[in-house]
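Here the structure is laid out as C-alpha cells; the discussion comes afterwards.
The values are calculated or read from the model by the stated rules, or taken from the named source; none is laboratory data. Here the structure is a predicted model, which means the values were calculated and not measured. Neighbour counts are summed over all protein chains in view; Cβ atoms, including those assigned to glycine, are modelled from backbone coordinates with ideal geometry.
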Amino acid sequence: MSRALVTGGSGVIGGAIAHALAVAGHHVYVHANSGLVRAQEVAADIIAQGGTAEAVCFDITDAAQTGAALAQILEAGAVQILVNNAGIHDDAVMPGMRPEQWSSVIDVSLNGFFNVTQPLLLPMLRTRWGRIVNISSVAAVMGNRGQANYAAAKAWLHGATRSLALELGSRGVTVNTVAPGIIASPATETIFPKEAIAKLVPMQRTGQPEEVADLVAFLASKNAGYITGQLISINGGMA
C-alpha cells in the first residue's frame with residue numbers, strides 16, 4: 001500500500017482528492033493547518049468507507065515545523081504520492097495590494113511547496129517510484145484581476161514542475177501540475193452566480209471537486225507512468 005500526503009486536505013478539493021486516493025487503495029495523510037477538525041472529519045469519513053487515513057497538522061510555511069512533522073511521517077516509510085494542494089487567496093488589485101498580501105500568498109503556495117516536497121524526495125527516490133501532483137489554478141494560466149499574487153505563485157509551480165520532472169524522471173517519479181477552473185464550493189456559489197458561469201465557462205457549469213480528484217488519482221496511478229512534466233487544465237474550456 002502506497003502512502004499519500006495531501007496538503008490542504010481539509011478543503012473542498014483537497015478532501016475530494018484524499019477520498020479518491022483512499023478509494024484507489026492508498027493510505028492517506030490528510031493535512032491541515034488551521035482546519036484540523038475538518039481534516040479529521042475527512043480522515044474519519046475515509047475510514048468509515050473502508051479506507052485508511054489519518055489527519056496531520058502543521059504550517060507548511062514554517063520549514064522547521066514542517067520538517068519535524070514529515071520526519072515523523074517518514075518513520076513509517078517513504079511517502080510515494082504527494083499532492084501539493086495547499087494555497088490561500090488574499091485578493092487585491094496590484095495598485096492597492098499590501099506587501100504582506102503578496103508575500104503571504106506566495107509563502108504558502110511556493111515556499112510551502114518546497115518545504116513539503118524537498119524532505120520527501122530522497123526517501124521517494126530510493127523506492128524508485130513516486131507521483132507528485134501540484135495543484136495550480138486557471139488564474140495562473142489566464143490571469144485574473146485582483147489575483148496577481150495568487151496567479152504568480154501558482155504559475156511559478158508550473159516551472160518548478162517542469163524542472164523537477166527532468167530531475168526525477170529516470171528514477172520512476174513523475175511530476176505534473178493540475179490547473180482547475182471554477183470548482184463548485186460554498187465560496188464559488190457566492191462569487192459566481194449562474195449568469196457569470198454561463199459567460200465565463202463554455203460548458204456553462206462549475207466543475208465538481210470529484211472531477212479534479214479523479215484526474216489527480218489517475219496521475220497518481222501506475223497507469224500514468226509515462227506522463228510527467230505536464231500542465232493539465234480542467235476548466236470546462238475556459239482556457
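Here are some notes:
- Test: Ser34 is closer than 13 Å to Ala220 by Cβ and either surrounded by 20 or more Cβ atoms within 10 Å (Cβ to Cβ) or at pLDDT below 95 (or both): no
- Breaking point among (1) in contact with a Phe, Trp or Tyr (Cβ under 6 Å, 6 or more places away or on another chain); (2) more than 20 Å from Ile106 (Cβ to Cβ); (3) among the polar types (S, T, N, Q), for Thr52: (1)
- In the range 79-123, of all residues being among the charged types (D, E, K, R) and in contact with a helix residue (DSSP H, G or I) (Cβ under 9 Å, 6 or more places away or on another chain), the one that is surrounded by the fewest Cβ atoms within 10 Å (Cβ to Cβ) corresponds to Asp91.
- Annotation note: of Arg145, Arg128, the sole residue that is basic (Lys, Arg), in contact with a helix residue (DSSP H, G or I) (Cβ under 6 Å, 6 or more places away or on another chain) and free of Cβ contacts under 8 Å to residues at least 60 places away in the same chain is Arg128.
- Residue within the range 20-27 that is surrounded by fewer than 20 Cβ atoms within 10 Å (Cβ to Cβ), within 16 Å of Ala213 (Cβ to Cβ), of a type in the set (A, V, I, L, M) and at pLDDT 95 or above present: yes
- Count - residues of the range 8-24 that are closer than 12 Å to Val56 by Cβ and either out of contact with any helix residue (DSSP H, G or I) (no Cβ under 6 Å at 6 or more places or on another chain) or assigned to a helix (DSSP H, G or I) (or both): 1
- Subset of the range 157-182 that is of a type in the set (A, V, I, L, M) and assigned to a strand (DSSP E or B) - its residue that is farthest from Val108 (Cα to Cα): Val173
- Of Ala86, Ala69, Ala92, Ala78, all but one fail to be of a type outside the set (Lys, Arg), modelled with pLDDT of 95 or more, within 18 Å of Ser10 (Cβ to Cβ) and not in a helix (DSSP H, G or I); the exception is Ala86.
- Residues (of a type in the set (Val, Ile, Thr) and in a helix (DSSP H, G or I)) located in the range 183-239: Thr188, Thr190, Ile191, Ile197, Val212, Val216
- Filtering the range 146-195 to residues that are farther than 18 Å from His89 by Cα and modelled with pLDDT under 95 leaves Pro193, Lys194, Glu195.
- For the range 71-87, the set of residues classified as without any contact (Cβ under 8 Å) to a residue 60 or more places away in the chain and not small (Gly, Ala, Ser) consists of Gln72, Leu74, Glu75, listed by residue number.
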